[in-house]
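The next block holds one structure in the form of structure tokens; read it before the comments.
What follows is calculated from the coordinates using simple rules that are stated; it is not laboratory data. Quantities reported herein were computed from a predicted structural model and do not represent experimental measurements. Neighbour counts run over all protein chains shown; Cβ positions are idealised from the backbone, glycine included.
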Amino acid sequence: MTNKKRNLIERLNSGPVICAEGFLFEIEKRGYMASGEFVPMVSLEHPEALENLHRDFQHAGSDIVQAFTYNGHREKMKVIGKEKLLEPLNRAALKIAKKVATTPLGAEHNLMAGNISNSNIWNDKDPKTHKKVEQMFSEMVNWAVDEGADILIGETFYYAEEAYTALKVMKKTGLPSVITIAPMGENIMRDGVSILDTCKELEQLGGDVVGMNCHRGPSTMMPYLKEVRKALKCHVAGLPINYRTTNENPTFFNLPDQNGCTCGTPHETTFPTALDPMQCSRYEIRKFAKDAFDMGINYLGVCCGANPMLIREVAEAVGLKVPASRYRENMKNHYMFGTNDRIPKHIKDYRGKA
Ligand SMILES: [Zn+2]
């Protein structure tokens, strides 16, 4: 048992660092959040459910325990009429993450991350909104520092200037800062800056880790990550969603159901409640992680659609052995498809008709 805790950059310099994201979707699936509304009240209403999910991700190899404050910002709390719970929600989420990070399964503590994200009020044509957004970021970052965050993550920005603002606020704390953008289907930031130029600027502004997360599956994130990795010197992050996005529909917001839902009731969009048929297989996530790591991307994870099995897959794809590796697939003992000597021949022979 060692007390030494390496910081994020030391870890990234010596190998891959895994970060599980996708808390909104997974907590919703577990029954503790309303889809669409997506407010992380779970830290106050069912803290044990949130702690369990952190534990499951930790067990699967997540080195970072990201406090679930996504969407837990002042504007969203106003939308649901619960602004007075803003600070309690943030502090509760941070405390749960800190508890999990400081009781690791291995010898070394995990890193607890404070988290901010796109504000939903940023308007590139209205500077007044910029000041408001900066204040929203500042209060959340201050609570994160206060509760002992080891790093800060700013994520899912689709305005370049909003991402720059988030990074400036995070950098003031002196903590290592991860900043990831999530361009929409136009393949350009909404304020007209290219994905590559946004990332270059984020590096110039001092981003310790710069990259992309959310909105895009492996196939529509990877081409941009390649460019970004080539152009930047700092560490790069890649955390796709677990859905098969396409060139026609680069994000999950307008992704059609390729096979057609058979429920009989037309739904306006597949996002966010009917995306299930477009999930990637674990092998696609594994391939993404391995390809990204091989080209020098050391900060890896999965965003929306993530589950512990996929986080284990990412970790193992880059050569790590994690506690959950003990439970990785073992088909040899399958009752029909296995190779174990005890599987009777007449059962094996039936495979083609199963
Ligand atoms: Zn996401």
Query raised in the report: When only DSSP loop residues count, what GluC sites (Glu not before Pro) in region 1-47 have their Cβ near at most 13 other Cβ atoms within 10 Å?
Result: GLU37
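Going by how many other beta carbons lie within 10 Å of each one, how would you line up GLU108, GLU147, fewest first? Can you show the working numbers first?
On the way: GLU108 14, GLU147 19.
Fewest to most other Cβ atoms nearby, the residues stand as GLU108, GLU147.
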**Report entry** Gain in span if fully extended, THR246 to THR339, counting 0.36 nm per residue against the direct Cα distance
**Finding:** 29.8 nm
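Assign unit charges at the C-beta atoms only (+1 for Lys and Arg, -1 for Asp and Glu), then state the dipole size of region 14-130 relative to its Cα centre in Debye, rounded to the nearest 20.
Values: 14 positive and 15 negative charges, 76 e Å.
My answer is approximately 360 debye.
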Query raised in the report: Any idea how far apart LEU105 and ALA354 come out in nm if each label point goes 7 Å out from Cα toward Cβ?
Result: 2.7
Report task. Assuming R0 = 35 Å, can you tell me the calculated FRET efficiency for the pair ILE347 and LYS29, based on Cβ-Cβ distance, to the nearest 0.05? Result -> 0.55
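Arrange the following residues from fewest to most other Cβ atoms within 10 Å of their Cβ: HIS267, HIS73, HIS130. Before the final figure, lay out each step's value.
Working: HIS267 11, HIS73 24, HIS130 18.
Ordered from fewest to most neighbouring Cβ atoms within 10 Å, HIS267, HIS73, HIS130 come out as HIS267, HIS130, HIS73.
Which longest uninterrupted range of the chain lacks any chymotrypsin sites (Phe, Trp or Tyr not before Pro) assigned by DSSP to a loop state (not H, G, I, E or B) and surrounded by at most 12 other Cβ atoms within 10 Å?
Details: sites that count: TYR335, TYR350.
With a cap of 12 other Cβ atoms within 10 Å, the longest stretch comes to 1-334.
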Query raised in the report: Can you list the HN-Hα couplings for region 53-69, worked out from phi with the Karplus curve (6.51, -1.76, 1.60; θ = phi - 60°), rounded to whole Hz and with x for Gly and Pro?
Result: 5, 4, 4, 5, 5, 4, 4, 7, x, 5, 7, 10, 9, 8, 4, 8, 10
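Pull out a ≥ b ≥ c, the square roots of the eigenvalues of the alpha-carbon gyration tensor of region 195-354, then state rounded if a/c is under 1.5, prolate if not and a/b is larger than b/c, and oblate in the remaining case.
Working: a/c = 3.05, a/b = 1.45, b/c = 2.10.
The shape class here is oblate.
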Query raised in the report: From the backbone phi of region 248-260, what are the Karplus-calculated ³J(HN,Hα) couplings (6.51 cos²θ - 1.76 cosθ + 1.60, θ = phi - 60°) in whole Hz, Gly and Pro given as x?
Result: 6, 10, x, 10, 7, 6, 10, 6, x, 7, 4, 9, x
Query raised in the report: Hey, which of these cross-link pairs are over 26 Å Cα-Cα: LYS171/LYS230; LYS287/LYS332; LYS76/LYS230; LYS98/LYS233?
Result: LYS76/LYS230; LYS98/LYS233
Query - Contour excess over end-to-end distance, with Cα ends at SER194 and GLU10 and 0.36 nm allotted per residue - result: 63.2 nm
Report task. Give the residues of region 46-74 whose amide nitrogen is closer than 16 Å to a point set 7 Å from the Cα of SER325 in the direction of its Cβ. Result -> 58-63
**Report entry** Charge dipole of the chain about the Cα centre (unit charges at C-beta), most positive-ward option of ALA324, ASN115, ALA160
**Finding:** ALA324
Query - Net length gained if the chain between ILE80 and ASN120 were fully extended (0.36 nm per residue, minus Cα distance) - result: 13.0 nm
Query raised in the report: What residues have an amide H closer than 5 Å to that of ALA237, excluding those fewer than 5 places away on the same chain, when H is modeled at 1.01 Å from N in the peptide plane?
Result: VAL210, GLY211, MET212
Query - Nearest-20 debye value, the chain charge dipole, Cβ charges on Lys, Arg, Asp, Glu - result: 1040
Report task. Tell me the label-point distance for the pair ALA274, ASP294, using the 7 Å Cα-to-Cβ offset, in nm and rounded to one decimal. Result -> 3.7
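To the nearest 20 Debye, how big is the dipole of region 236-310 about its Cα centre, given +1 on the beta carbon of each Lys and Arg and -1 on that of each Asp and Glu?
Numbers: 5 positive and 7 negative charges, 57 e Å.
For this selection, approximately 280 debye.
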Query raised in the report: Tell me, how many Å apart are the Cα centres for region 132-156 and for region 199-255?
Result: 22
Query - Cα lying deepest toward the dipole's positive end in the chain, options PRO266, HIS235, THR245, charges on Cβ - result: HIS235
